[in-house]
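Read through the structure below, which is laid out as structure tokens, and then see the notes.
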Amino acid sequence: MKKKQKPEIDIDYVSKLANIPLSGKEKAVFEEQLKDVLNYISKLNGIDTDSIEPIGHITNLQNVLREDKPAPSLSQDDALKNAPKTYNGFFEVDAIFEEQ
Amino acid sequence: MTDFSNLTIHEASKLIQSKTLKALELTEACIGRAKKLNQQLNSFITICEEEAINRAKKVDKLIANGQKMNPLAGIPIGIKDLFSTKDIRTTAGSKLLENYVPVYDATSVYSLNNANVCIVGKTNLDAWAHGSSGENSDFGPTRNPHDLSRVPGGSSSGSAVSVSSGSSLAAMGTDTGGSIRLPASFCNVVGLKPTYGRVSRYGVIAMASSLDCIGHITKTVYDNALVLNVTAGEDGFDSTCTAQKSDDYTKDIEKSVKGLKIGIPKEYFENFDWKIKNLILEAVKKLEKLGAKIEDISLPHTEYGVATYYIIQPSEVSSNLARYDGIRFGKTREQFGSEAKRRIILGTYTLSSGYYDAYYLKAMKVRRLIRNDFVDVFKKVDVIICPVSPTLPFKLGEKVSDPLQMYLADIFTVTASLTGVPSLAVPCGFIGDLPVGMQIIGPDFSEKLLYQVGYAYEQETNWYKKTPKI
């Protein structure tokens, strides 16, 4: 019998997608551990779900909307209170398009 | 100082409201105990002495003036450090939010404050609520008060320990795959995972949005109902919260279980510690003696629970944790600990282009099958009884390097999370000095019935009176 193939995960690609910088050691450890997990979750492949509707909201709530009316909200000061960098009442971020 | 560490909310509330006991006295005792035990147990990340004392003084004053108060008034409680608390640091157990001070309260915290509880402190947890042992906290692991070499269960580790060790009379927690029920069971306390949507999640740091439930831990079943009376109900800030009216959960709690049908699912009683199995079956016998009818049932998709859960949950985790960018609050993304990183990577992978159908969509379909099992069974029986954990509280360090083994600790709890139904974890005895709990699971919004069953059993056994020797 052919040995069961472990699913592959491209750690570099996924860490870039997730915007999570990983060290070389982390990559190696995660790769092994996640292979185990992926192998375990692949047991779902054995279930026939062709005619099954996926779950949406578990107790079937639908279209919960509020009236479109403005209400009191956070003040600008409060909204900025935990920001590491602010400038003139705004969040400050590093420039994205910066001339070299 | 008098020892109040064994008081229940029900008892303390009567004493406070009849002016026999001052809320201040009780609160000072709990704060003192929390501070003293924290070196050993590490159940609190932040202790809120000043806030709690001020609240207690206010309660005593209102009672002296003859004001009618909620039974929770003046009751010292712990809040898992995942709930936003205005002007009180909220870390999610992660260094990333080490200095984060919310500018608003979670709805459940707001409701508890309206009932005039005294918040003893913010309890320790597995960072971002990721874990089954309490060991993933960036602020150090919490220890089990029944055996300091063992884990208290997670992720609401500090909440269970603060109640079990008498530093608070109740504590709020969150349950995404067992995070209230598991620590409750490991620490000999009562834990509720309510129906999905019964309690508002607004202001609680999100883990996996289609699974997250806000619940709480108490010493007794009656106390648990008292807390749900305050936290349950509709909230305009949480669109997943139901508009269905909440109940008075203490009303008729003494109702007999005579004639009630209890289902025993065979899949939950295979291949695990026979000593735990026997304790749970003894508990079932006790309920049979009280007049309940016991029926064997089957939930055939049980074995797919953990696999389904470990697709859906990390996928939603990766999406919820995407908001931590270090711009509006908190530190940058490298500050995530290894478990959060692992789940973000796994979830990003299962949601990524080309894999979504094979993983997330597939899991949401299997989730339907798991729910259908429960819906069918509840046509035949009123409640289900099964174990919380396949093992006793394990040793610190035992599973940290093997995530899959850690994930499998959730094997009996994830199904109620996936199906959205409520589950009450109730203590059902000890093996040596280590506690064992069982789950009482019912259909959507059957919390009242779960309390009746749990209460009837607790009256016979009083396991909560066996407190840890610390």
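Note on the range B:18-59: residues that are open to solvent by 20 Å² or more (accessible area, probe 1.4 Å), under 21 Å from B:Asp81 (Cβ atoms) and assigned to a loop (DSSP other than H, G, I, E, B) amount to 1. The residues of the range B:413-436 that are over 15 Å from B:Gly197 (Cβ atoms), in contact with a Gly (Cβ under 8 Å, 6 or more places away or on another chain) and not polar (S, T, N, Q), listed by number, are B:Val414, B:Leu424, B:Ala425, B:Val426, B:Pro427, B:Cys428, B:Pro435, B:Val436. A search for C-beta distances below 9 Å between a residue of the range B:452-467 that is in contact (Cβ under 8 Å) with a residue 24 or more places away in the chain and any residue that is in a helix (DSSP H, G or I) and aromatic (Phe, Trp, Tyr), counting only pairs 6+ apart in sequence or on different chains, returns B:Tyr455/B:Tyr222; B:Glu458/B:Tyr222; B:Glu458/B:Tyr464. Every condition in (1) closer than 27 Å to B:Ile311 by Cβ; (2) modelled with pLDDT under 95; (3) within 9 Å of another protein chain (Cβ to nearest Cβ) holds for A:Gln62 except the one numbered (3).
Whether a residue is part of a loop (DSSP other than H, G, I, E, B) and over 22 Å from B:Leu418 (Cα atoms) was assessed, and A:Pro54 does not pass this test.
Identify, please: which residue in the range B:305-329 is more than 24 Å from B:Gly177 (Cβ to Cβ) and within 7 Å of another protein chain (Cβ to nearest Cβ) and is, among those, farthest from the chain's Cα centre (by Cα)? Here the residue is B:Ile327. Candidates in the range B:349-380 are the residues that are open to solvent by 30 Å² or more (accessible area, probe 1.4 Å) and hydrophobic (A, V, I, L, M, F, W, C); of these, the one that is farthest from the other protein chains (Cβ to nearest Cβ) is B:Phe378. What about A:Asn82, is it open to solvent by less than 40 Å² (accessible area, probe 1.4 Å), part of a loop (DSSP other than H, G, I, E, B), among the polar types (S, T, N, Q) and over 30 Å from B:Pro422 (Cβ atoms)? So A:Asn82 fits the description; yes. Restricting attention to the range A:32-56, the residues being within 20 Å of the chain's Cα centre (by Cα), buried (at least 16 other Cβ atoms within 10 Å of the Cβ) and more than 7 Å from every other protein chain (Cβ to nearest Cβ) number 1. Please work out if B:Gly166 is crowded, with 24+ Cβ neighbours inside 10 Å, on the phi > 0 side of the Ramachandran plot and modelled with pLDDT of 95 or more. No. When the range B:148-163 is filtered for residues that are crowded, with 24+ Cβ neighbours inside 10 Å, of a type outside the set (Val, Ile, Thr) and over 21 Å from B:Lys35 (Cβ atoms), the ones remaining, listed by number, are B:Gly153, B:Gly154, B:Ser155. Restricting the search to helices (runs of 4 or more DSSP H) fully inside the range B:129-235 and requiring at least 1 residues that are more than 20 Å from B:Ser5 (Cα to Cα) and in contact with a Phe, Trp or Tyr (Cβ under 6 Å, 6 or more places away or on another chain) gives B:221-231.
Considering every residue within the range B:76-94, establish whether at least one is more than 30 Å from B:Ala206 (Cβ to Cβ), buried (at least 20 other Cβ atoms within 10 Å of the Cβ), touching a residue at least 12 places away in the same chain (Cβ under 8 Å) and hydroxyl-bearing (Ser, Thr, Tyr). Looking for residues that are more than 30 Å from B:Ala206 (Cβ to Cβ), buried (at least 20 other Cβ atoms within 10 Å of the Cβ), touching a residue at least 12 places away in the same chain (Cβ under 8 Å) and hydroxyl-bearing (Ser, Thr, Tyr), one finds none in the range B:76-94, hence no. Residues of the range B:394-426 that are open to solvent by 20 Å² or more (accessible area, probe 1.4 Å), outside any helix (DSSP H, G or I) and within 11 Å of another protein chain (Cβ to nearest Cβ): B:Ser401, B:Asp402. For B:Ile205, state whether it is of a type in the set (Val, Ile, Thr), crowded, with 24+ Cβ neighbours inside 10 Å and closer than 30 Å to A:Ala71 by Cα. When the stated conditions are applied, B:Ile205 passes them. Inspect the range A:14-21 for any residue being open to solvent by 40 Å² or more (accessible area, probe 1.4 Å) and more than 9 Å from chain B (Cβ to nearest Cβ) and give the result as yes or no. Checked against the condition, which is being open to solvent by 40 Å² or more (accessible area, probe 1.4 Å) and more than 9 Å from chain B (Cβ to nearest Cβ), the range A:14-21 yields at least one hit.
The values are calculated or read from the model by the stated rules, or taken from the named source; none is laboratory data. None of these values were measured; they are calculated from a predicted model. Positions of Cβ are generated from backbone atoms using ideal geometry, with glycine treated the same way; all protein chains shown enter the neighbour counts. For the accessible areas, the whole protein counts, side chains as well, though only heavy atoms, and no ligand, DNA or RNA atoms are used. Shrake-Rupley method; radii C 1.70, N 1.55, O 1.52, S 1.80 Å.
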